[in-house]
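Peer 1: Okay, handing you the structure first.
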Amino acid sequence: MSTFIKPRVPRGMRDILPEQMIRRQYVIDVIRDVFEEFGFEPLQTPALELSEVLTGKYGPDAEKLIYQAGHTGGKEDISLRYDLSVPLCRVIAMYPQLPKPFKRYQIDPVWRAERPQKGRYRQFFQCDADTVGSESMLADAENVNLVYQVLSRLGFKQFEININDRKLITGIGQYAGVPTAQLGGLYRSIDKLDKIGVDGVIAELRENEIPEDVIEKLIELLQIGGDAADVLTDMNQRLGSSEIAREGIADLEKLINHLTILGVPEQYYRVNVAMVRGLEYYTGPIYETVVEEPKIGSITGGGRYDELIGSFSKQSYPATGTSFGIERIIDVMEEFDMFPVSVGKTVTQVLMTVFDDQLMDESLKLATVLRQGGIRTEMYFRPTKISAQLKYAGNKGIPYAVILGSDELAGGNAAVRDLTTREQENVPLDKVVETIKSMIRTVSD
RNA sequence: GUGGAUGUAGCUCAGGGGUAGAGUGCCUGACUGUGGAUCAGGAGGUCGUGGGUUCAAAUCCCAUCAUCCACCCCA
């Protein structure tokens, strides 16, 4: 009878303990604020979807990573959602009355049956903002602007939003004359440019038996750099004969112009024709943010998917969106200690100590006053030594303690102790709230 | 899915075929009204799990699971 189950969680999943949760909430709050600032509305969908909703959307590689969620006796074939975009498309098709453009955000977990490692989990949160029903490049520019706004508000200094376009990529493939069957491998190789360098890409293309003259053409294209407008002009000259490439270039030109007007500084984005992205459903502009340090892959990703809703309904809609990976953003922020001091270890602001049994009631009353004054207050439940109570508060990271002993009470006071500076002062009982509030304000300024 | 490394106290880790170690943290006391110092005590581990070899396994072998790293792919 006394056999215990070893407590553990499924592979690649983890508990998020309070200290960690406080940081997550801070990041999520920043993201949500920005989303709502741009007029995106909240949406929630089930964690589980019918498998048929998810299959055939992401491409064969990604589809293998969908978590099956069948249960004994279950009559429906269901799976855990792989992302938030496909469920959104299902929603659009199910509720045609939603006014367009429909702008929604969703912050929820998704599941992928991958092998976990740093920055890669089997359950992780995505924060998506998407616009459905507008083909304007303004919507895409807004996506990029969201990324810029969120990351700069979180204190990121070094990041680069890579921008490309699926139409342009297709044009490049045509221009190079690569057979359709080999296009996937081709894109995968050039996507690694930043990682393995030009020589690495050449080697890989040769391995894939891409003709030498094609490789040469491609490498020339991929090495085009400079500011966004120049890259696009250059591309236009070289690929102008391809209609699809021209469309992609025109889209990107509009997008870049909008970014300029919106005030997104040029240093934070670049047109990178070597950036591909794996998901099959993208049809137009795509974007992805990478940070150099730590090497954690992309922290945001997104793009336009004009055909996806059409797989659920006769009435299709153009759509575009972007996604933030909270886990990776937090990993980066922890690595560089980017959390403001106001994001502490605990939500509690004050520990109300209890001096002895006789004074318990007085402490309880004062705790209530503190809470009514808007101060998050934990009551110590046992009249142990003050030293133990202060130690508890200190360990927990509670910034202030209020001590109500017989001496203080005799003078109509309570002692307010700053656990960080170890300074304390006696304050009249009716001034305690005010005193603590001003202390909190001073620290967060 | 492929390859590699690791798994010993709450945490960081040492050790190594014969009674399980350090640092740190934790608890108690010196300190009967004040948490980072000092001193003195103390608790805490079937050495990831299962099997095998052996008189004897934490140690050697096999398997398995978990974590980390690389690949693949991705947030």
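The values are calculated or read from the model by the stated rules, or taken from the named source; none is laboratory data. All of these numbers come straight from a predicted model, not from anything done at the bench. In this analysis, Cβ positions are derived from the backbone assuming ideal geometry, glycine residues included, and neighbour counts consider all displayed protein chains. To get the accessible areas, we keep the full protein, side chains included, count just its heavy atoms, and leave off ligands, DNA and RNA. Shrake-Rupley method; radii C 1.70, N 1.55, O 1.52, S 1.80 Å.
Peer 1: Considering only residues of region A:207-236 that are over 32 Å from the mean Cα position of the chain (by Cα) and over 16 Å from A:G173 (Cα atoms), which is surrounded by the most Cβ atoms within 10 Å (Cβ to Cβ)?
Peer 2: A:D234
Peer 1: Quick one: in region A:258-301, which of the residues that are assigned to a helix (DSSP H, G or I) and without any contact (Cβ under 8 Å) to a residue 60 or more places away in the chain is farthest from RNA strand B (Cβ to nearest atom)?
Peer 2: A:I261
Peer 1: From the residues in region A:79-109 that are of a type in the set (A, V, I, L, M, F, W, C) and surrounded by 22 or more Cβ atoms within 10 Å (Cβ to Cβ), which one is nearest to the chain's Cα centre (by Cα)?
Peer 2: Checking each candidate, the answer is A:L84.
Peer 1: Scan region A:302-326 for residues that are open to solvent by 10 Å² or more (accessible area, probe 1.4 Å) and part of a strand (DSSP E or B) and jot them down.
Peer 2: A:S323, A:G325 - these are the residues of region A:302-326 that are open to solvent by 10 Å² or more (accessible area, probe 1.4 Å) and part of a strand (DSSP E or B).
Quick grid of which residues meet (1) touching a residue at least 12 places away in the same chain (Cβ under 8 Å); (2) more than 14 Å from RNA strand B (Cβ to nearest atom); (3) outside any loop (DSSP other than H, G, I, E, B):
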position	(1), (2), (3)
A:V86	yes, no, yes
A:P96	yes, yes, no
A:K103	yes, yes, yes
A:Q106	yes, no, yes
A:D128	yes, no, yes
A:T131	yes, yes, yes
A:N143	yes, no, yes
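Peer 1: Let me confirm something: among A:K195, A:K167, which residue is assigned to a helix (DSSP H, G or I), within 17 Å of A:N272 (Cα to Cα) and either open to solvent by less than 10 Å² (accessible area, probe 1.4 Å) or within 16 Å of RNA strand B (Cβ to nearest atom) (or both)? Spell out how you get there, then give the answer.
Peer 2: Numbers: A:K167 fails: either open to solvent by less than 10 Å² (accessible area, probe 1.4 Å) or within 16 Å of RNA strand B (Cβ to nearest atom) (or both).
Of A:K195, A:K167, the one residue that is assigned to a helix (DSSP H, G or I), within 17 Å of A:N272 (Cα to Cα) and either open to solvent by less than 10 Å² (accessible area, probe 1.4 Å) or within 16 Å of RNA strand B (Cβ to nearest atom) (or both) is A:K195.
Peer 1: So, A:L409, is that one at pLDDT 95 or above, surrounded by 15 or more Cβ atoms within 10 Å (Cβ to Cβ) and over 30 Å from A:S152 (Cα atoms) or not?
Peer 2: No; evaluated as a whole, the condition is false for this residue.
Peer 1: I need every pair where a residue in region A:380-392 that is closer than 11 Å to A:D356 by Cβ has its Cβ under 7 Å from the Cβ of a residue that is more than 8 Å from RNA strand B (Cβ to nearest atom) and at pLDDT 90 or above, sequence separation at least 6 or different chains.
Peer 2: Cβ pairs passing all conditions: A:P383/A:V354; A:P383/A:M360; A:I386/A:T353.
Peer 1: All but one of (1) within 16 Å of RNA strand B (Cβ to nearest atom); (2) touching a residue at least 24 places away in the same chain (Cβ under 8 Å); (3) under 30 Å from A:R153 (Cβ atoms) hold for A:L80; which doesn't?
Peer 2: Status for A:L80: all satisfied but (3).
Peer 1: Return a yes/no flag: does region A:52-68 have any residue that is surrounded by 12 or more Cβ atoms within 10 Å (Cβ to Cβ), touching a Gly at 6+ places or on another chain (Cβ under 9 Å) and without any contact (Cβ under 8 Å) to a residue 40 or more places away in the chain. Working first, answer last.
Peer 2: To start, the set of residues in region A:52-68 that are surrounded by 12 or more Cβ atoms within 10 Å (Cβ to Cβ) comprises A:53-59, A:61-63, A:65-67.
Keeping just the survivors that are touching a Gly at 6+ places or on another chain (Cβ under 9 Å) gives A:58-59, A:61-63.
Add one more test, that the residue is without any contact (Cβ under 8 Å) to a residue 40 or more places away in the chain, and what stays is A:63.
The answer is yes; a qualifying residue exists.
Peer 1: Here's another thing I want to ask about it. Can you name the number of the only condition in (1) over 31 Å from the mean Cα position of the chain (by Cα); (2) open to solvent by less than 60 Å² (accessible area, probe 1.4 Å) that A:Q149 fails?
Peer 2: Looking at each condition in turn, A:Q149 falls short on (1).
Peer 1: Something else: Could you check region A:246-277 and list, in sequence order, the residues that are surrounded by fewer than 19 Cβ atoms within 10 Å (Cβ to Cβ), out of contact with any Lys or Arg (no Cβ under 8 Å at 6 or more places or on another chain) and of a type outside the set (V, I, T)?
Peer 2: To start, the set of residues in region A:246-277 that are surrounded by fewer than 19 Cβ atoms within 10 Å (Cβ to Cβ) comprises A:246-247, A:250, A:253-254, A:257, A:260-263, A:265-267, A:270.
The next check asks that each one be out of contact with any Lys or Arg (no Cβ under 8 Å at 6 or more places or on another chain); those that pass are A:246, A:250, A:253-254, A:257, A:260-263, A:265-267, A:270.
Of everything in region A:246-277, those that are surrounded by fewer than 19 Cβ atoms within 10 Å (Cβ to Cβ), out of contact with any Lys or Arg (no Cβ under 8 Å at 6 or more places or on another chain) and of a type outside the set (V, I, T) turn out to be A:R246, A:A250, A:E253, A:K254, A:N257, A:L262, A:G263, A:P265, A:E266, A:Q267, A:R270.
Peer 1: Next up: With the condition kept exactly as written, say whether any residue in region A:4-11 is within 16 Å of RNA strand B (Cβ to nearest atom), open to solvent by 70 Å² or more (accessible area, probe 1.4 Å), outside the structural domain of A:F125 (by TED's automatic domain parsing) and within 20 Å of A:Y82 (Cα to Cα).
Peer 2: Applying the first criterion (within 16 Å of RNA strand B (Cβ to nearest atom)) to region A:4-11 yields A:4-11.
Checking the rest, the ones that are also open to solvent by 70 Å² or more (accessible area, probe 1.4 Å) come to A:4-8, A:10-11.
Among the residues that remain, those that are also outside the structural domain of A:F125 (by TED's automatic domain parsing) are: A:4-8, A:10-11.
Those left that are additionally within 20 Å of A:Y82 (Cα to Cα): A:10-11.
For region A:4-11, residues within 16 Å of RNA strand B (Cβ to nearest atom), open to solvent by 70 Å² or more (accessible area, probe 1.4 Å), outside the structural domain of A:F125 (by TED's automatic domain parsing) and within 20 Å of A:Y82 (Cα to Cα): present.
Peer 1: If you go through region A:393-406 one residue at a time, how many are at pLDDT 90 or above, more than 18 Å from A:D356 (Cα to Cα) and touching a Ser or Thr at 6+ places or on another chain (Cβ under 7 Å)?
Peer 2: Number satisfying all stated conditions: 2.
Peer 1: For region A:327-416, list the strands (runs of 3 or more DSSP E) that sit wholly inside it and hold at least 2 residues that are within 14 Å of RNA strand B (Cβ to nearest atom) and in contact with a helix residue (DSSP H, G or I) (Cβ under 8 Å, 6 or more places away or on another chain); which are they?
Peer 2: A:350-352, A:400-403
Peer 1: Do you know which of the residues in region A:22-51 that are of a type in the set (F, W, Y) and closer than 19 Å to A:T131 by Cβ is most open to solvent (accessible area, probe 1.4 Å)?
Peer 2: Let us first name the residues in region A:22-51 that are of a type in the set (F, W, Y), namely A:26, A:35, A:38, A:40.
Those still in the list that are closer than 19 Å to A:T131 by Cβ too: A:35, A:38, A:40.
Values: A:F35: 0, A:F38: 48, A:F40: 6 Å².
Step by step, filter region A:22-51, then rank; the result is A:F38.
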